[in-house]
Amino acid sequence: MSARTPLRLAGEAGFQSAIENLQSKILIDSFGRVHNNLRVSVTDRCNLRCTYCMPEDVTFRDRSELLTFEEIATFVRVAAALGVNKVRLTGGEPLMRKELHKLVRLLVAVPGITDVGLTTNGILLEEQAGALFDAGLRRLNVSLDALDPGRFRELTRRNGVEKVLAGLAAAKRAGFAPIKLNAVAIRGFAEHDVIPLARYCRDHGFELRFIEYMPIGAEAWERDKVFFAAEILDLIGREVGALVPANHDPSAPALDYAYRDGGGTVGVIASVSRPFCAQCNRIRLTADGKLRNCLFALDETDVRGLLRDSPVPESAVADALRRSVWAKREGHEINAATFVKPDRTMHAIGG
Ligand code: SF4
């Protein structure tokens, strides 16, 4: 990772007040990255046990520890006043949180929020797609690493691929478009699943994203198990269709490619081989009310206590947000000897 000069080292007289003036309007870190994208985990519970994410035996947090929909909406309102306009709901599995459409309805009504998305494993999507769409949800990512029931079970330690496919069909009927399909690429599996997934998504008009396997789960991470973005693109280009680079939004994690024959797009999220931390605009709120300024953050800021004060000290919540973002490290350091894996695993952070 290139050494970037943190803003705080470049200070001239008046610099501090200039930064404070900026921070009163936007969430900026010491590297000058502006944060407008908030990922909100609404539960740590899940109905799958993906090997790269969580242990088989897991103790989930008690409901009383989780932020209520009203507390989440209050936090989002404070964040929106500081320039956040995108919210993505994650888990665990967010659809395990009862009546999630009610939260969606609250969030789309927050002034300044222009985009509400959801990442789900799709197991409960068939039942909930219509209500979520009616509530104003428009962006949908469905996690699916394998179409083959046997390999699906091997990766998730549960059955259910047919439920995910039924959920995708229901989401399409409900009006979601485009629908993105996220697949974690692990060597030993991906070689068998990349092509079937690519063909399935071309046939059904879904936008496919492959995510490089990251050290954020319960199991010990091995670099040898990363099936790299370049290998994935090469395989698809040879077996499915020639690919050309598509437009790329620098703040978006995915590098998108289009099929030369016009048959859709496929993307790669190359967190390990091509880190995109330099353009990161994301912050995270965990289901139990902790702020994480990076997926790989080693420390957190508690805002649940503040959100449960009555009345809620919104300026204190805003200050906590500003401080957390300002303290953000340059990047994840996965490729550095200094890398330290966070204690919290993916299911308790949210994608
Ligand atoms: S690892 Fe952290 S800094 Fe890098 S892109 Fe992800 S959230 Fe942003």
By the rule of another cysteine's Cβ lying under 4.7 Å, the cysteines of the chain that fail to get a partner are Cys46, Cys201, Cys277, Cys280, Cys294
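What ranking, highest mean first, results for peptides 19-28, 267-276 when packing means the other Cβ atoms within 10 Å averaged over each residue?
Details: 19-28: 15.1, 267-276: 19.3.
With the highest mean Cβ count within 10 Å placed first, the list reads 267-276, 19-28.
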Simple SL model, points at 7 angstrom along Cα→Cβ for Arg260 and Phe339; separation in nm is 3.4
A 1.4 Å probe over the protein heavy atoms gives segment 215-297 a carbon and sulfur accessible-area percentage of 53
Cα convex hull volume per residue for segment 125-281, in Å³, equals 129
Subtracting the Cα-Cα distance of Ala252 and Arg151 from 0.36 nm times their residue separation yields 33.4 nm
Check: C-alpha center segment 199-259 vs C-alpha center segment 67-111, spacing in Å is 28
Computed curve, the chain, Cα-only Debye sum without solvent term, log₁₀ I(q)/I(0) at 0.10, 0.13 Å⁻¹, is -0.60, -1.05
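At 0.36 nm per residue, and after removing the present C-alpha to C-alpha distance, how many nm does the segment from Asn85 to Val34 gain when stretched out fully?
Values: separation 51, 0.36 × 51 = 18.36 nm, distance 1.18 nm.
Extra length from Asn85 to Val34 when fully extended: 17.2 nm.
Sequence gap of 8 or more, or different chains, plus Cα separation below 17 Å: how many lysine pairs satisfy both in the chain? Present the calculation step by step, with values, prior to reporting the outcome.
Values: Lys25/Lys86; Lys86/Lys180; Lys163/Lys172; Lys163/Lys180; Lys172/Lys180; Lys225/Lys341; Lys290/Lys328; Lys328/Lys341.
Summing the qualifying lysine pairs gives 8.
The values are calculated or read from the model by the stated rules, or taken from the named source; none is laboratory data. Values in this document were obtained by computation on a predicted structure and should not be read as measured data. Positions of Cβ are generated from backbone atoms using ideal geometry, with glycine treated the same way; all protein chains shown enter the neighbour counts. Heads up: the accessible areas ignore ligands, DNA and RNA and are worked out on the full protein's heavy atoms, side chains in. Shrake-Rupley method; radii C 1.70, N 1.55, O 1.52, S 1.80 Å.
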